[in-house]
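A short write-up of the structure that comes next.
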Amino acid sequence: MTSPSHLDDDRGCLRVVLAVPLILLTLVAAYFCWTALTITPSGTWDDDAYAGIVLSCVVTIAAAVAAAALWLVPSVRRAMPWWWIFPALLLAVVAGARWAVGG
């Protein structure tokens, strides 16, 4: 019988450790994207609401870019498949669209 390699044993632990910041950054992006989508200005004069939408979109995009930058590190890419970064990038696209349409 062959025993599992040492690399395979470490990869599971590394995946758990690296998943924490990726999940936290994705949750931050999700919260601010939700905020950007739920803010409704009272009228064209409501500058504070528009500023809140823009700020929420910027924070969403910044959190998604930070998650993508973390995922681009070679050791992280080896341990985490590409679909780990997909939700954060999708949130960034939604926030960018919201910013372009209503921000």
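The values are calculated or read from the model by the stated rules, or taken from the named source; none is laboratory data. Please read these numbers as outputs of a predicted model, since none were measured by experiment. Backbone-built Cβ (ideal geometry, glycine too); neighbour counts: all protein chains shown.
Determine which member of the set Val101, Val58 is farther than 14 Å from Ala30 by Cα and of a type in the set (A, V, I, L, M, F, W, C).
Matching residue, one of Val101, Val58: Val101.
On the given criteria, is Pro41 in contact with an Asp or Glu (Cβ under 9 Å, 6 or more places away or on another chain) and at pLDDT below 95? In short, yes.
The combined condition, being more than 14 Å from the chain's Cα centre (by Cα), of a type outside the set (Lys, Arg) and assigned to a helix (DSSP H, G or I), is not fulfilled by Leu27. Cβ separations smaller than 8 Å between residues 6+ apart or across chains give the following pairs from the range 74-93 residues that are in contact (Cβ under 8 Å) with a residue 24 or more places away in the chain to residues that are assigned to a helix (DSSP H, G or I) and among the hydroxyl-bearing types (Ser, Thr, Tyr): Pro87/Thr26; Ala88/Thr26; Leu91/Thr26; Leu91/Thr60; Ala92/Thr60.
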